[in-house]
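Reading through the structure tokens given below for one structure.
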Amino acid sequence: MKQDLFALFSLVKSSTTKAILNKKFLIVLLAVFFLSAVMGYVAAQDLERLEEGSDLMDFFVISFFLPLMCMIFGSSLIRDEIEDRSITHVLTAPISRTKMYMGYYISVFIVSIFAAWLILTSGFVTFFGILGVDMEAVRIYFDIVSIVAFGTLVYSSLFVLVSIVIERSLYFGLFYVFIWEGFVGSLPGNIKLVSIRHYLRSIGKELMEHGSISRYGAASGMGASIITLFILTAVLLLLGMILFREKEFP
Amino acid sequence: MNEFVVSARNLSKWYGDVIGLNSLNIGLPRGITGIVGPNGAGKSTLFKLATGMIKPNKGSITVMGEDPWLNHDLMKRIGFCPDYDNLSDYSTGKRYLYQVGALHGSRNEELKQRVKKTARDVGARDFLNKDIDTYSQGMRQRLKLAGALLHDPDLLFLDEPLSGADPQARKDLIELIKDLHEEKEHDILVSSHVLSEIERMTSEIALLYKGRVIASGDISEVRGLIDKHPHNIVIDGVRKNALAKRLIDQNYVVSVGFEDNRRKMIVEVEKPDEFFQQIASLVNQTETEVFEMYSRDDNLQAVFDYLVGGGKR
């Protein structure tokens with residue numbers, strides 16, 4: 001058991017390191033510069049500090065960079081290893097397939113949450129650094145961090161699953177992030193209930209006191225949203241484990 | 001332990017319309033066994049089935065008495081060196097081995113010692129700290145071999161371990177594989193499409209062709225089968241006409257022909273052993289000057305063509 005856990009830890013460590021050292025991580029750094037620049041520019045416009053700060057982080061981090069980061073790392077980690085065949089030494093290690101899958105999921109979760117946190121923090125520091133930090137601003141920051149954590153949990157499970165099912169998982173990811181979450185998720189009516197973003201914004205409505213997220217009209221209850229996201233994560237993980245367990249690597 | 005390290009019963013594997021293995025029946029004994037066959041014979045498919053990377057469509061395979069599919073405990077006892085390059089280019093050899101060792105549950109001082117010992121055993125110590133993308137093919141093969149050996153498995157699967165290596169590296173790797181069995185007592189299944197290379201490692205072989213075993217056992221028995229089939233022997237030299245006339249009278253010669261602007265004489269013989277016993281005296285008697293003489297059928301493809309053709313040419 002101890003040896004199993006150590007092997008799992010080794011898989012998480014090596015996969016996480018590999019993802020961070022990958023060229024794809026440059027996208028994170030670009031996003032950091034981009035968001036810092038935008039937040040700095042907006043801050044210089046002398047707007048309503050807490051409202052605008054909250055809205056910008058809601059728009060850029062929760063709705064855009066969070067699913068984007070999970071999509072980039074989730075859809076490529078296992079898929080890249082399958083394609084360059086470096087997964088062979090993992091498959092021939094004495095670790096069960098379900099633990100292997102969990103190892104990859106944990107790696108994607110760590111890298112994605114780190115990337116999203118880096119982007120969020122850079123934007124926050126730039127914006128509130130210029131306009132002034134107080135306890136309200138710090139609270140907005142931690143509220144967004146909580147939503148990012150929930151979001152990473154579920155988006156990672158979705159994109160890791162997609163990566164083992166679809167060969168061109170990046171295209172699916174782009175479709176999902178921009179069309180489904182971005183467009184379908186903002187349509188009126190109940191169709192938004194099938195987007196992850198809806199539940200994240202519903203949690204945000206309960207947590208936050210500033211910005212349009214705090215006035216999100218179509219929100220589901222916080223408890224129901226958290227339970228929905230947990231159940232969705234569990235179902236996606238279970239499905240991924242079953243498919244990975246049965247997957248052949250010719 | 002089971003009599004055979006690997007057993008297959010009616011084992012079939014197909015990929016869409018392509019057949020990888022076709023009702024294969026085989027029992028591979030302990031020691032070193034060579035799996036020989038041309039490209040597409042099913043060697044790599046057999047290894048992937050044996051290491052649990054793919055599952056059979058029909059039939060069964062056991063490795064040391066156990067089903068390898070989803071059997072992660074079995075992985076402690078086997079090591080796999082694939083025929084493809086599975087090394088990450090942005091890592092050093094040392095990092096790769098530490099990662100492989102950690103996945104097998106080894107750590108700290110034990111892992112350090114294992115990496116050191118295995119690198120020494122496979123002759124990879126000198127280049128272990130260099131980036132993998134600077135490695136030659138021979139170095140890559142050694143590193144892959146070290147990865148397969150690191151956890152000291154009972155049984156090693158080496159899929160085309162000599163492919164791409166230069167002649168010196170091939171020679172060294174052959175010696176290394178022999179040592180792994182003779183000194184470290186690993187059982188080894190090694191594949192190649194070059195019979196002569198396998199012959200230098202072991203006398204126990206299995207010939208695969210189009211997903212089936214067409215001959216297996218001691219190499220001399222298989223060679224016996226090969227020797228029974230007509231050989232095409234090429235003779236290059238001058239004053240060959242006299243030799244041709246004498247050869248056509250011999251009862252073991254089927255036909256004599258010429259090619260390459262009459263530069264080369266092709267002799268089809270039914271009993272190669274008799275031909276090789278008598279050719280020296282015939283050359284002397286006819287005063288033929290021979291520059292070169294070789295059997296065109298020593299290549300593996302000709303052997304397979306003969307064996308699968310039931311002896312008909």
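A short reminder: the numbers here are calculations on the coordinates, not readings from a lab. Small disclaimer: the values here were computed from a predicted structure and weren't measured. Counting neighbours? That spans all protein chains shown, and the Cβs are built from the backbone with ideal geometry, glycine included.
Using a simple spin-label model with pseudo-atoms 7 Å out from Cα toward Cβ, residue A:190 and residue B:252 lie 8.9 nm apart. Alpha carbon centre of region A:181-249 versus region B:33-58: separation in Å? Comparing the Cα centres of region A:181-249 and region B:33-58, I get a distance of 45 Å. Cross-link check: pairs B:117/B:171; B:55/B:112; A:13/B:171; B:13/B:117; B:55/B:94 evaluated at a Cα-Cα cut-off of 27 Å; pairs beyond the cut-off: B:55/B:112; A:13/B:171; B:13/B:117; B:55/B:94. Site pair residue A:44 and residue A:179 shows an inter-label distance of 3.8 nm when each label is modelled 7 Å from Cα along Cα→Cβ. Return the loop-located chymotrypsin sites (Phe, Trp or Tyr not before Pro) in region A:23-102 (DSSP other than H, G, I, E, B) with at most 13 other Cβ atoms within 10 Å of their own Cβ; answer none if there are none. Those that pass, being in a loop and sparsely packed, number zero.
Summarising the strand pairing of the protein assembly as shown, around 70 percent of its internal DSSP beta bridges are antiparallel. Taking amide H as placed 1.01 Å from N in the peptide plane, the amide H of residue B:253 sits under 5 Å from that of B:270, each at least 5 places away or on another chain.
Going by a ≥ b ≥ c, the root eigenvalues of the Cα gyration tensor, does region B:59-196 fall in the rounded group (a/c under 1.5), the prolate group (a/b larger than b/c) or the oblate group? Cα axes put region B:59-196 in the oblate bin.
Translational D (Stokes-Einstein, µm²/s) of region B:118-201 at 37 °C and 0.692 mPa s when Rh comes from the Kirkwood sum over C-alpha pairs? Before the final figure, lay out the partial values.
On the way: Rh = 13.0 Å.
Using the Kirkwood radius from Cα pairs, D works out to 252 µm²/s.
Counting other Cβ atoms within 10 Å of each Cβ, which GluC sites (Glu not before Pro) in region B:118-196 have at most 13 and sit in a DSSP loop?
Details: sites: B:175, B:182, B:183, B:185; in loops: B:183, B:185.
Passing sites in region B:118-196 are B:183, B:185.
Please give the Cα centre distance for region B:165-180 versus region A:55-101, rounded to the nearest Å. The distance from the Cα centre of region B:165-180 to that of region A:55-101 comes to 39 Å. Each Lys and Arg adds +1 at its Cβ and each Asp and Glu adds -1 at its Cβ; summed about the Cα centre, region B:6-225 shows a dipole of about 380 debye.
Across region B:263-271, computed HN-Hα scalar couplings (Karplus, 6.51 cos²θ - 1.76 cosθ + 1.60, θ = phi - 60°) run 6, 10, 9, 10, 10, 8, 10, 8, 10 Hz from first to last residue, x flagging Gly and Pro. Mean residue ellipticity at 222 nm, helices only, chain B: -10500 deg cm²/dmol; runs of at least 4 DSSP H residues each add -39,500 (n - 2.57), and the sum is divided by the number of residues.
Sorted from largest to smallest, which semi-axis lengths in Å does the alpha carbon gyration tensor of region A:2-246 give for its equivalent ellipsoid, taking the root of 5 times each eigenvalue?
Taking √(5λ) for each Cα gyration eigenvalue gives 33, 20, 16 Å.
Just going by the charge dipole of the protein assembly as shown, with Lys and Arg at +1 and Asp and Glu at -1 on Cβ, which of B:286, B:79, B:181 is farthest out on the positive end? The one lying farthest along the dipole's positive direction is B:79.
By the gyration tensor of its Cα atoms, with a ≥ b ≥ c the square roots of the eigenvalues, what is the shape of region B:167-240: rounded for a/c under 1.5, prolate for a/b over b/c, or oblate?
Numbers: a/c = 2.63, a/b = 1.51, b/c = 1.74.
Oblate.
Taking a straight line from the alpha carbon of residue B:271, these lysines sit under 25 Å away, with near neighbours fewer than eight places off in the same chain left out: B:228, B:240, B:245, B:312. Look at the alpha carbon pairs under 8 Å that are at least 6 residues apart: their mean separation over the length of chain B gives a relative contact order of 19 percent.
In straight-distance terms, cross-link reach from residue A:24 covers every one of the aspartates and glutamates whose alpha-carbon lies under 20 Å from its own, apart from those fewer than eight places away in the same chain; here that gives A:80, A:81, A:83, A:84, A:167, B:89, B:133.
Computed from Cα atoms, the angle from the helix A:25-43 axis to the main principal axis of chain A rounds to 10 degrees.
Please state the relative contact order of chain A as a whole percent: Cα pairs under 8 Å, 6+ residues apart?
Numbers: 299 pairs, mean separation 68.8, N = 250.
Taking the mean separation of contacting Cα pairs over the length of chain A, I get 28 percent.
Computed from point charges on the beta carbon alone (+1 for Lys and Arg, -1 for Asp and Glu), the dipole magnitude for region A:2-246 about its Cα centre is near 860 Debye.
Our coupling estimate for region B:91-108, obtained by passing each phi through the Karplus curve with A = 6.51, B = -1.76, C = 1.60 and θ = phi - 60°, is 10, 8, x, 5, 5, 4, 5, 4, 5, 4, x, 5, 5, 8, x, 8, 7, 6 Hz, Gly and Pro reported as x. In vacuo Debye scattering of chain B, one point per C-alpha: log10 I(q)/I(0) at q = 0.14, 0.15 Å⁻¹? Ignoring solvent entirely, the Cα scatterers give -1.04, -1.13.
Provide the convex hull volume over Cα atoms per residue for region A:95-222, in Å³. Intermediate values should be presented prior to the final figure.
On the way: hull volume 16.7 nm³, N = 128.
Output value, Cα hull per residue: 131 Å³.
Residues whose amide H falls under 5 Å from that of residue B:92, counting only those 5 or more places apart or on a different chain, are B:132, with hydrogens built in the peptide plane. Across region A:132-145, rounded Karplus estimates of 3J(HN,Hα) from the backbone phi angles (6.51 cos²θ - 1.76 cosθ + 1.60, θ = phi - 60°) give x, 9, 9, 5, 5, 5, 5, 5, 4, 4, 5, 4, 5, 4 Hz, Gly and Pro being marked x. Here the spin labels are modelled as points 7 Å beyond Cα on the Cα-Cβ line, and at residue B:17 and residue A:23 they lie 3.6 nm apart.
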